[in-house]
Structures are given as structure tokens and as C-alpha cells.
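Peer 1: Before anything else, here's the structure in question.
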Amino acid sequence: MTATLIPITRPARTSRPPVALTIDGRTVTAEAGVTLLAACRAAGLEIPTLCFLETLTPANVCRLCVVEVEGARVLVPSCSREVEAGMVVHTNSPRVRHARRLVLEFLASSVDLSTTPGMAELLVEYGCHPERFGASAEPQSTAERAAVGVGHHEPPDTAHAATVAQPVLRDNELFVRDYAKCVLCYRCVQACGVDHQNSFAIALAGRGFAARISTELSVGLPDSACVYCGNCVAVCPTGALMAVPEFDLRAAGAWRPEEQAVTDTICPYCGVGCTVSLHVQDNVIVKATSPFAHGITQGNLCIKGRFGWQHVQPEAATASTAPARAAE
Amino acid sequence: MDIRLPDADPTDAEREAVDAVLGAPTSRWHGGARDQWQHDTHVGHGGRAMRQRRTELVPALQALQSRHGWISPGGLRYVCERLHVPPAEAWGVATFYALLATAPRPRRVVHVCDDIGCRNRGARDVIAAATAVAGAHLGHAHATAAEGDAPGHPAGDAAGSATQAPGWMPSPCLGLCDQAPAVLVTDAGAVPEERQLGGVTDDVIRALLTGAAPGADALADTRVPQQGDASLVLLRRVGVVDPTSLAAYRDAGGYRALARALDLGAEAVIAEVTASGLVGRGGAAFPTGRKWDAVRRQEATPHYVVCNADESEPGTFKDRVLIAGDPFAVVEAMTIAGFATGSTKGFVYLRAEYPLAHQRLHGAVEAARAAGLLGDDVMGRGVRFDIEIRRGAGAYICGEETALFESIEGKRGEPRTKPPFPVQVGLFGKPTVVNNVETLANVLPIVLEGGAAYAAKGTPQSTGTRLFCLSGAVARPGVYEAPCGTSLRALLQQAGVSPRLSAVLLGGAAGGFIRADETDLPLTLEHARAADATLGSGVIMAFDDPDDLREAVLRIAAFFRDESCGQCVPCRVGTVRQEEALHRLATGAPLGGVTAELALLDDIGRAMRDASICGLGQSAAAAVDSAVRRLGLFATTAQ
């Protein structure tokens, strides 16, 4: 099947000539208007990213993709910075590696990255020792976290490093929100907002280290504007948002992605005809996604396509993929 | 936009407060009463016109805040209904700003400054007295209130909060360092009141927390130490000319600069400003003429002028003095900036903590408009320009120009990535010139005397005079005006510096410390740069006690943690890790030894400086770094 990726970049008003720049000592020609990240990747250079996703407006908040541009006072985020003629770029200089290392250490010392794909390798590659900031502090209760106002905070205790550890939010049957794993990449907010779904059920709330993804008044998702399309789940890079079957299988130690068969099919619910990738483990659909590199869906589905597969599951399997519900 | 509103109703008072800002609702679609609009259910409202009203979000939330002392779920609902803003986004905005509360607060809140300027000059006693009278601060009380986690009105209804006993909260710098210790009193109600008080004694704080009237604002009588000095340029009228009278301002030479600018023409004005060598006085020191010229040349319209009066850099209070003491000068200079850059609309973004400055500036704008000095036909010369004042809501980050735009646009004050720069894509996505208050004040003498005459003052690279905010261990704190190139020592002596001076904080929390033996530094951009220091926003805070100094460094680290917007990882987590490491050093419990901790601090600082989105994160380690490197503060004391 052919799939094309629609680049999310500003359409060029006039056709501009290609741009020549130097990346890591090599002269590279890039289309005008593309980002440094795109130019680097086209040149075969790997730049680590976390908040960036091709289908979303670059938030450039994680700062993992920073590169050094000669003449710039500070490092620049390659995911959103456009190429300019004559730029001299270093993607792996000591300054760049230092910033990436610290960003990774900051995240690893404050957020649970255990389900972030590729993170373990990155932490090794950049020689990270997040424990050098001290032992992780005890998780906070939901009420404690909600009570963190803006402004003066309690002085830090000298024995621990603050974290965002907190209980899992499980307020609906379709997906869970484990904000202890949230790196605040803004992807879910963008997917819920103008980039994809236009539901605006969630936004950033609070400020600084207490900033968080929240519904209005911190109400549960059933009382919010959420339509359960799960497009936030699809874009979450860390597993903070996770469909219930995957969450429960992981909790039971039974999540085995290497054994899963992924089959692309067309969603049967309506006439739009979205491509759905069904992830099957032990003959049970354990997850449904849509390819990001698809011109129509760009990874998006609706509540039915993403979560409505119980009717094609063997009866026993439905129970086994949802142990929590089965136990009730 | 199809939005789902919270299941809560506003009180009548909340409706009135919001309507006073937004106007009466025009349909049932936007919060109008059911029986009032019977025939409009088939008419769609929304789209572009509605989206453009998003800019009114923060003023509407502020109206709720000053009505009941907090933003109730019902009030939030009504604002969302009126402006068609998704509640989650409005909640995100309401929870971003320190002076907006989303849990019940007493009608009166006393914000007690415990920042670097006040902390060592009486704030501790004020806080002790406040705690004795009113108990723990509201930040702590809030923790208990949120325990239930259920949104809703407090017992009775929101208006019931009026009977609650006053409460207090610690506050970041209130910009009254010359009158430490300082407080800001906010009284919510039908007629909300706000006052800044300086020189607060135990008796005053006790009276405030038992409900006594706060008395006159500390700025009511704005004075500067050099008052009457004939060489003053920027401070010439402060304390001398009635700031509430347009006639007095004109008698004192006011509006001659605008008349001359209109005679010269826009391009000639920009040429003069460029020739003057004027650079931004807010801290970044960008050439003003280049900025104006860049905006003038942009094809996209409209253009905007923004006066950045969100002066929140700890230790800085010059803009407060300029606005409260000479508000018409700001209005006149902005009008010149608007004329020169082809802008018809200007915004002043004034920090919320300056109620009297707001009152004076508001009066000046009204008076200027009434006299035809603002509006569709400025001075009868066919020039269109008007000014709108926006008040901050308690966020240091909104002094960052792009965060300021976001705030005016009704969003969280999260800085944008640059490029594109504001001169190309600024407020509402349009070309925008952002100037600090003091920068604008300099425009008047430049237009009157010519750029060359202005440039003759100061040094070739740092022209003109500058304002410096002297505070701390000095006998005569206040705003001083001095030609660029004046030595730091001369200024300190003029202000009566303590003979035991041990260090000076130069440039504010985002600046750095220098040693007492380095005070022969001439105050210019080039000398500061050569000495690896910065003039920043003109802060000169003197310290003569080692304990105070350590306390100040810890406070600066806490300040940046509090004020980080939380958007990017290096700043959001880096400011936390920096403060934790400093506390371990300060309490003699370094992890892996002092050397390891200092190396860790250095690692954190470099990453914040290199990889943060905006100037806040990029300079969050500057003062800490200088305290360690220049003063040897934690290395020597902890070993």
C-alpha cells in the first residue's frame, strides 16, 4: 500500500532556490524552508528528538534536538529552525552533547521514562547519570500536586531530587493517564487542539515544575470535552497516555510487542475508510493505531476505530486483556 | 467552536464584573439570559470575530479575581461562554498567573515581598508578624482547601468570602526596594482596591491583617534622591511636575518632542534615534533605531508598538518611578514610536503590582485622548495612534517580549521561539516594536536635541544617561540618573553605601555579583561586558553582610524556579536542580563533596544557558555562577 507523508511546514509563498549550508563539515543542499532537522536527516545524520512529531506543529520544548549554529549565541532547536544559506551547523559538538546529556538527565531524574522507546539507549549514548542529582523524592498524592500553586514553593529538602511522580489517573474505560511519565512535550495538547481533533479537552495548567496537562478545574475526562478519539494516546512519546489493554497487560508483565503481529486494514465503521493497524498478540487485538505516514489519517482515528474492537475478539480474550475489569 | 462548559453558574456579581469588561452579551450564544434573546437560536455566532476576542481573556479573568478574590468555576464558565474559549485553555491561563487564584482566597490578601531587596531589610520581621496575626500564608492554606478536590463555591457563595479574615502571601520583588520592606494589598469587592506600601512596620502589617484601611499608596509622593538636580534628563519632571496634569506637563516642555517629530517626519525621527546610539534599557541592549526601522519597513500590517512595563526583575524599580512620576512622557514617547514605525495601536503591558502607576498612566492616556494627543487625528496632523493599557497578572516571564505578546493575546505567558523576531512576527502575528519604559523616555530628548547631541553624552559605545536602581546596603536608596560611563563606585558613594560593602548585585537576578574591589567599573555596556558582568535593567544592590549574600543567592535560585514558565526542559527542571544543589551546599550536605556539587552546578548552568528557549532560562544560572566564581561563596564557606 502506498502511503505519503504530508509535511507539516509552512507552504512556500514563492519558490525559493535551494539553500547550501555546512553540516558537520559537509556541504549540504536543502530545499528552502525545510528545518535543520529535515536537512540533517536527509544528509543521513541522526538527531535525537522527543517532543517532535512529523504530523504536529513543532513545539520545540524538549530541547533534545538542539544543534550548534556558528554565530548563534545559544544552541538552536533543529526541529523548528529553518535552514539558511551559509549556515555552519555542528550536530555533535561538545556543547551540543553537553546540552543533550543534561536534558536527558533532567528528564530521567524527574520523570519515569521506563516506557519511552529508545530512551535507555540514549541515556547510555550520552553518558547520563541522573542519580547525580540525588535520590528521587517520594511520589506526591493527587491532592498534594493539585495544591501546588503558582509562586513561592516549599524550600527543597536536601536529601532528594524532586520528581513528577504521582498516582495513575484511571477515570474511564478506554485509556489511562500516568502523568508520572509525562515529559510535557505538548503533543497531546496539540493533537487535542487545532493540529488534529479540535476538542480542546486538555491544556497546559500551572507553571514551572508544577506545570501539568489538565482538563478545566482538573475534572475527570468523563466530565471534560474529551471525545475519546485517543489521538493523544497515539502521539504520546512516553507511554504516559496508554490504552487500557496495553496498560493492564504491561502491569501483568504480559505485554510482548516482539510477538505482536501488526496488520493494516480499513476501519469498517464509516465511509471515511481510515487505515487501521491492528496489533495482535495471542490472537487478540491488543491495540489499534493508524500509520502517521498516511496522507488521510496522519495517525488519527476516532473512538470507534481506536477502541471499538471488542466485537471481533474471542469472548475469553476480552477478559484476559482487561484483567482489571474482569476482576471487578 | 463547539465547546463544553463546566457545570457551574456564575453569581450575578460575577456576571456584572465580567460584563463591565466585555460589554453586555449580545446573544444567548454568548451568555445572554434565556428570556432576553428569543429569536437568535437560529443565528450562528463565532468564527474570526469571536476568535479575535481571545485577547480579552486575561482582563475578564482579572475582573473575576478582583470581584470575589478568586476565579470560581461559575465565573470561569461565564468567561468561557462569553469569549468562546475552551474551558481547559482558560483554566490553563488562570492557573499560570500568580495573582489569579483558582481556589477561594480571602477578600483581602497582603502580598509581602520577601525577595532580595526586602528580605534583609525587614521582610523577615514583617513575615513573622503576619504569621503571628494571620497564621501560615495562603499558599499553605490553599493546600488544605484543595484536599477535597471538588470544584465549587466555598460555603455560602463566593460573595461570602468578603467576610473572611485577611490573609497574606509571600511575593516576589514588588519593585519597592528603595522602600523596603514592602507589601501589596489587594482588596476584592464591588470597588476593588490595590495599594503598594513601603517601610512596613509590625504595626502596619498587624493593622492590615485585621482589616484596617491601607492608607495612601507608597508612590503617592514619588521622589528621587537627585530631585532638583539641573543635569537630570529622564528624571527631570519626576517629583517636580504634577503627574496628573496634562497642562503642567505641557508647561514643563511636554509634547514639544511629538510636535517636532511630526515636523521631521517618520524617517527623520528614526534617523535621529539611530544616530543617538540609543539601545534598549530593559536588559537586552538592542539598538532602538534599528528596531524601529525594521518595523517601519515591514509590509505586513498593522504594526504595533508595545511598551514593556512588566518590570519584574528583582531589584528594579525605575520604570515604576518613571510611570508614576512622569506618565505623560511615556504616552508622548509611545506616540512618537507609533508615528515613526507606522503603527496605529500601542499597548502598555504594566505589571499588576503597580496600582498607582496604572492609575496615573490611565489618567494620562485619558487626558491625552481628550486633548487630541491620541486618537484618530493626533495634534490635528492626521496621524492615528491610540494606547491601551494591559495589566500583568503576576508572572516575571511576561517581561520576555514574546511571552508578553502571548499574555496580551489571552494565553499563557510562554515565550515563543525566535526567529521569527517580533519586528517581523510579533503581537497578533504582526510586526511589533517592543521598547522598555526607560528606552522610550530617552526618545523625547533625542527628538528635541537631535541624535548627535544625545550621543555626545556618555561614551561612544554607550550613549546618553541611564537610570540605576540603588538599594540594599545604602543610606539613600532610589532611582539615580547618571551618564553612561559613571563609575559604579561614584554612584554607590552618592547613595551612601555601607563602609562594609562586600559585594554588589549588578543587573538584577538575571545579572551577576561583583566584588567590593571591582567597583571602579565604569557603567557602560562595553566595560560591563569586558568585566564579564551586565548592567541588565540597571540594578545596583549593595550587600555588606555575608549571611545576607548567601540568603540572596538562595532566593535568586528559588525565584527562577518559581518564575520558570515550565515550557522547556532545561529551565523547568534545571532551575529545580540548581536550587536543590545550592541548598545542599548551603546546609553543608553536599552530594559527593563540595567540588562535585560545584561541578554539577556548572553543568546545570551551562545547559540552561545553552539550551533554554528564552532569556529567563538562559540567565537563570548567571547570578549563582557569579556568586560561586567571583565571590567564592559556597566553595569557601562550605569547605
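Peer 1: Restricting the first residue to region B:591-607 and requiring it to be at the interface with another protein chain (Cβ under 8 Å from one of its Cβ atoms) and surrounded by 15 or more Cβ atoms within 10 Å (Cβ to Cβ), which pairs with a second residue that is of a type in the set (A, V, I, L, M) and assigned to a loop (DSSP other than H, G, I, E, B) meet a Cβ separation below 8 Å and a spacing of at least six or different chains?
Peer 2: B:Leu600/B:Leu591; B:Ile604/B:Ala621; B:Arg606/B:Ala621
Peer 1: Out of B:Asp229, B:Asp178, I need the residue that is more than 14 Å from chain A (Cβ to nearest Cβ), charged (D, E, K, R) and not in a loop (DSSP other than H, G, I, E, B). Which one?
Peer 2: Exactly one residue qualifies, and that residue is B:Asp178.
Peer 1: Now, a different point. Only one of these is surrounded by fewer than 23 Cβ atoms within 10 Å (Cβ to Cβ) and not in a loop (DSSP other than H, G, I, E, B): B:Leu491, B:Leu501. Name it.
Peer 2: B:Leu491
Peer 1: Additional query: Could you list, in sequence order, all residues of region B:550-561 that are open to solvent by 10 Å² or more (accessible area, probe 1.4 Å) and either touching a residue at least 24 places away in the same chain (Cβ under 8 Å) or touching a Cys at 6+ places or on another chain (Cβ under 9 Å) (or both)?
Peer 2: Selection gives B:Arg550, B:Glu551, B:Leu554.
Peer 1: Do we find that B:Gly282 is small (Gly, Ala, Ser) and open to solvent by less than 30 Å² (accessible area, probe 1.4 Å) in this structure?
Peer 2: No, not satisfied.
Peer 1: Going residue by residue through region A:144-156, is there one that turns out to be modelled with pLDDT under 95, more than 7 Å from every other protein chain (Cβ to nearest Cβ) and more than 17 Å from B:Thr575 (Cβ to Cβ)?
Peer 2: yes
Residues checked against (1) in a loop (DSSP other than H, G, I, E, B); (2) closer than 25 Å to B:Asn435 by Cα; (3) touching a Gly at 6+ places or on another chain (Cβ under 8 Å); (4) open to solvent by less than 30 Å² (accessible area, probe 1.4 Å):
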| site | (1), (2), (3), (4) |
| --- | --- |
| B:Ala533 | yes, yes, yes, yes |
| B:Met541 | no, yes, yes, yes |
| B:Gly566 | yes, no, yes, yes |
| B:Pro570 | no, no, yes, yes |
| B:Val573 | no, no, no, yes |
| B:Glu579 | no, no, no, yes |
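Peer 1: Residues in region A:169-176: is at least one at the interface with chain B (Cβ under 9 Å from one of its Cβ atoms), open to solvent by less than 20 Å² (accessible area, probe 1.4 Å), of a type outside the set (Phe, Trp, Tyr) and under 19 Å from the mean Cα position of the chain (by Cα)?
Peer 2: No, region A:169-176 contains no residue that is at the interface with chain B (Cβ under 9 Å from one of its Cβ atoms), open to solvent by less than 20 Å² (accessible area, probe 1.4 Å), of a type outside the set (Phe, Trp, Tyr) and under 19 Å from the mean Cα position of the chain (by Cα).
Residues checked against (1) within 12 Å of chain A (Cβ to nearest Cβ); (2) open to solvent by 40 Å² or more (accessible area, probe 1.4 Å); (3) in a loop (DSSP other than H, G, I, E, B); (4) at pLDDT below 95:
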position	(1), (2), (3), (4)
B:Asp35	no, yes, yes, yes
B:His39	no, yes, yes, yes
B:Val43	no, yes, yes, yes
B:Gly74	yes, no, no, no
B:Val79	yes, no, no, no
B:Leu100	yes, no, yes, no
B:Ala129	no, no, no, no
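Peer 1: Out of everything in region A:141-158 that is open to solvent by less than 60 Å² (accessible area, probe 1.4 Å) and over 23 Å from B:Ile397 (Cβ atoms), what residue ends up being nearest to the chain's Cα centre (by Cα)?
Peer 2: A:Ser141
Peer 1: Determine, yes or no, whether B:Ala309 is small (Gly, Ala, Ser), in contact with an Asp or Glu (Cβ under 6 Å, 6 or more places away or on another chain) and assigned by TED's automatic domain parsing to the domain that holds B:Glu438.
Peer 2: Taking the combined requirement at face value, the residue satisfies it.
Peer 1: Does region A:30-88 hold any residues that are closer than 29 Å to A:Asn300 by Cβ, within 12 Å of chain B (Cβ to nearest Cβ) and acidic (Asp, Glu), and which are they?
Peer 2: A:Glu82
Peer 1: Can you find a residue that is open to solvent by 30 Å² or more (accessible area, probe 1.4 Å), more than 18 Å from B:Asp544 (Cβ to Cβ) and more than 24 Å from the chain's Cα centre (by Cα) anywhere in region B:469-483?
Peer 2: Checked region B:469-483: at least one residue is open to solvent by 30 Å² or more (accessible area, probe 1.4 Å), more than 18 Å from B:Asp544 (Cβ to Cβ) and more than 24 Å from the chain's Cα centre (by Cα).
Peer 1: Could you name every one of the helices (runs of 4 or more DSSP H) located completely within region B:271-372 that has at least 2 residues being over 22 Å from the mean Cα position of the chain (by Cα)?
Peer 2: In region B:271-372, the matching helices (runs of 4 or more DSSP H) lie at B:288-297, B:327-341, B:355-370.
The values are calculated or read from the model by the stated rules, or taken from the named source; none is laboratory data. What you see is a predicted model, and the numbers here were worked out from it, not measured in a lab. Positions of Cβ are generated from backbone atoms using ideal geometry, with glycine treated the same way; all protein chains shown enter the neighbour counts. We work out accessible area using only protein heavy atoms, side chains counted, and drop any ligands, DNA or RNA first. Shrake-Rupley method; radii C 1.70, N 1.55, O 1.52, S 1.80 Å.
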